[in-house]
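Participant: One structure, as structure tokens, below. Some questions next.
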Amino acid sequence: MLRFGLCCMFREQPVSFAQTTARHLESMNRPAQLAKLSALCTENLNSLLAALKWIDSRDIRAFRVLSPLFPRYTHPDVGYSVADLPGADQVAALSSRINRYRREHDIRLSLHPDQFNVLSSPRTGVVEKTIEELEYQGMLAELIGAEVINIHGGGAYGDKTAALERFASNFRLLSKRVRKRLTLENDDLTYSPADLLPLCRRLKIPFVYDVHHHRCLPDRLTVDAATAACMETWVGRGQEPYFHISSPRHGWHADNLRPHADYIDPVDVPSIWLPLRATIDVEAKAKELAVVRLMDHFGLRASDA
DNA sequence: GCATGTCAAGTTGTG
DNA sequence: CACAACTTGACATGC
């Protein structure tokens, strides 16, 4: 059975996540910073629980958690750890409530660190900051029970083979809790499925197949072949494979295919996916409305309000 | 109050 | 060589 997932936020449902900036925090003393950060973390965990309850009511069984759930956690000047927060106990209690909820309601959680995280970079400072961010996400994943931390291959620097070798050696520097959750996704500019699959097999990293990126950056593999290869990389981890779907905002004949549309055109969903047991994250700007519409289309009817 | 510019971070490709 | 695109709002500031 296919499982469709919502990414990070809502268009209409009144569930939102709070943020702050380092600049603003720097205008306060340390106790005031920690008080504000503690309030934001608590607020965001409450929002996450509300998000899971809403998607559960629509039979949506996967959710991508936004990276800054704990705002500015790894910032060099204002960063912190959960134990530093005045509300540390509440943060821990809310996190385990979320973890129990997603377990009892069969909801998959994933994380997707953004483009600043580059394990293939030749710059040691970039790799160090990437590792720090991934370790934060590993800590968060453990708290709330997220299965997957999904990243891209990063830059090519004129030599993809050498870059992926740096990825491989830096991968070994990660803690076990990050390594056992890390996945690799093809992007729309640099690394195609054919580029990444050998590395995924070698390091036993599951491959997340984004078919829209594949259509932007094709390789010798067909959609069917990439799908099958993706599925195989997940066997060792014993989890459902992840796919990503989106539709081009300006159609398939536009100059730029990369911007995402509000909704998914169902014909963009590969028909070979339909009978699979897999999770498809829906990357669409209309957010929950797009997920519900797509599930309706395929007869995976979400219950009505 | 409301509008507008900014936000920690990397890399690539375009203008 | 500088800057926008990735993704996206939401926050902070200033009028």
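The values are calculated or read from the model by the stated rules, or taken from the named source; none is laboratory data. Quick caveat, the model's predicted, so the values are computed rather than measured. Glycine also receives a Cβ, built like all others from the backbone with ideal geometry; neighbour counts cover every protein chain displayed. Only protein heavy atoms, including side chains, enter the accessible area calculation; ligands, DNA and RNA are left aside. Shrake-Rupley method; radii C 1.70, N 1.55, O 1.52, S 1.80 Å.
Participant: Please state the charge dipole magnitude for chain A, taken about the Cα centre, from unit charges on C-beta atoms (+1 on K and R, -1 on D and E), reported in debye and rounded to the nearest 20.
Facilitator: 640
Participant: Which trypsin sites (Lys or Arg not before Pro) in segment A:65-140 pass both tests, a DSSP loop state and at most 13 other beta-carbon atoms within 10 Å?
Facilitator: Here the trypsin sites (Lys or Arg not before Pro) that fit, given the DSSP loop and packing criteria, are A:R123.
Participant: Could I ask something else about it? If you wrap segment A:88-139's Cα atoms in a convex hull and average its projection over all directions, what's the area in nm²?
Facilitator: Projected area, direction-averaged: 4.6 nm².
Participant: Now, a different point. Binned at 10 Å from 0, what are the whole-percent values of the Cα-Cα distance distribution for segment A:1-139, short to long?
Facilitator: In whole percents, the pair-distance histogram is 11, 37, 34, 16, 2, 0.
Participant: Using the Cα centre as the reference, give the magnitude of the dipole from point charges on the C-beta atoms of segment A:1-144 (Lys, Arg: +1; Asp, Glu: -1; all else neutral), rounded to the nearest 20 debye.
Facilitator: 380
Participant: If you place +1 on the Cβ of every Lys and Arg and -1 on the Cβ of every Asp and Glu, how big does the dipole about the Cα centre of segment A:213-300 come out, in debye to the nearest 20? Intermediate values should be presented prior to the final figure.
Facilitator: Numbers: 9 positive and 12 negative charges, 21 e Å.
Roughly 100 debye, rounded to the nearest 20.
Participant: Now for a different question. Could you point to the residue in A:V178, A:S120, A:G79 farthest towards the positive end of chain A's charge dipole, with +1 and -1 charges on the Cβ of Lys/Arg and Asp/Glu respectively?
Facilitator: Farthest along the dipole direction, towards plus: A:V178.
Participant: Considering only protein heavy atoms and a 1.4 Å probe, what is the carbon-and-sulfur percentage of the accessible area of chain A?
Facilitator: That fraction is 51 percent.
Participant: I'd like the accessible area for A:W54: 1.4 Å probe, protein heavy atoms, all chains in place, Å² to the nearest 10.
Facilitator: Here the accessible area works out near 40 Å².
Participant: Continuing with the same structure: Just to verify a number: what accessible area does A:M1 come out at with the full protein assembly present, 1.4 Å probe, Å² rounded to tens?
Facilitator: Roll a 1.4 Å probe over it and A:M1 shows about 150 Å².
Participant: Would you list A:D265, A:D187, A:D255 from the most to the least accessible area, probe 1.4 Å? Working shown, then result.
Facilitator: Working: A:D265 70, A:D187 15, A:D255 165 Å².
Largest to smallest exposure gives the sequence A:D255, A:D265, A:D187.
Participant: If you add up the charges near A:Y73, with Lys and Arg at +1 and Asp and Glu at -1, over every other residue whose beta carbon is less than 13 angstrom from its beta carbon, what do you get?
Facilitator: Numbers: positive: A:R72, A:K129; negative: A:D77, A:D84, A:E132, A:E133, A:E135.
Summing Lys/Arg as +1 and Asp/Glu as -1 gives -3.
Participant: Among bridges DSSP assigns within chain A, what percent are antiparallel (round to 5)?
Facilitator: Working: 1 of 27 bridges.
So the antiparallel bridges amount to about 5 percent of the total.
Participant: What do you reckon, how do A:C8, A:C230 stack up by accessible area (1.4 Å probe), largest on top?
Facilitator: Largest to smallest exposure gives the sequence A:C8, A:C230.
Participant: State the volume of the convex hull built on the alpha-carbon positions of segment A:185-261, expressed per residue in Å³ and rounded to an integer.
Facilitator: Measuring per residue, one finds 82 Å³ for the Cα hull of segment A:185-261.
Participant: For segment A:1-61, would you read off the P(r) tail past 14 Å as a percentage of all alpha carbon pairs?
Facilitator: 64
Participant: Hey, got a sec? Which GluC sites (Glu not before Pro) in segment A:2-88 land in a DSSP loop and have at most 16 other Cβ atoms within 10 Å?
Facilitator: A:E12, A:E26
Participant: List the residues whose amide H sits under 5 Å from the amide H of A:V148, counting only those 5 or more places along or on another chain, with H placed 1.01 Å from N in the peptide plane.
Facilitator: A:L111
Participant: Sort out for me the Cα centre separation of segment A:191-234 from segment A:32-94, rounded to whole Å.
Facilitator: First find each Cα centre; the distance between them is then 32 Å.
Participant: Per residue, what accessible area does segment A:2-297 have, given a 1.4 Å probe and all protein chains present, in Å²?
Facilitator: Accessible area per residue, segment A:2-297: 43 Å².
Participant: Sticking with this one: From Cα pairs below 8 angstrom and at least 6 apart in sequence, can you work out the relative contact order of segment A:2-297, rounded to a whole percent?
Facilitator: 19
Participant: With θ taken as phi - 60° and the coefficients 6.51, -1.76 and 1.60, list the Karplus ³J(HN,Hα) couplings across segment A:157-164 in order, rounded to whole Hz; mark glycine and proline as x.
Facilitator: Rounded to whole hertz, the list is 6, x, 7, 5, 4, 5, 5, 6.
Participant: Could you tell me whether segment A:206-305 comes out rounded, prolate or oblate from its Cα gyration tensor? Rule is a ≥ b ≥ c as square roots of the eigenvalues, rounded for a/c under 1.5, then prolate if a/b exceeds b/c, otherwise oblate.
Facilitator: It is oblate, given that a/c is not under 1.5 and a/b is not larger than b/c.
Participant: Once you keep just the Cα pairs under 8 angstrom separated by 6 or more residues, what percentage relative contact order results for segment A:76-166?
Facilitator: It comes to 32 percent, rounded to a whole number.
Participant: Starting from the Cα of A:T21, move 7 Å in the Cα-to-Cβ direction to define the label point; list residues of segment A:52-70 whose amide nitrogen is under 20 Å from there.
Facilitator: Correct set: A:67-70.
Participant: Keeping all protein chains in position, work out how much accessible area A:R177 exposes to a 1.4 Å probe, and write it in Å² to the nearest 10.
Facilitator: Rounded to the nearest 10, that gives 80 Å².
Participant: Rg(Cα) of chain A divided by 2.2 N^0.38 Å? Before the final figure, lay out each step's value.
Facilitator: Details: Rg = 19.3 Å, N = 305, 2.2 N^0.38 = 19.3 Å.
Ratio of Rg to 2.2 N^0.38 Å for chain A: 1.00.
Participant: Right, another one. Can you compute the helix-only [θ] at 222 nm over chain A? Use -39500 (n - 2.57) per DSSP H run of at least 4 residues, normalise by all residues, nearest 500 deg cm²/dmol.
Facilitator: Using -39500 (n - 2.57) per qualifying helix, the result is -13000 deg cm²/dmol.
Participant: Between A:R237 and A:K53, what FRET efficiency follows from the Cβ-Cβ distance if R0 is 41 Å, with the result rounded to 0.05?
Facilitator: 0.90
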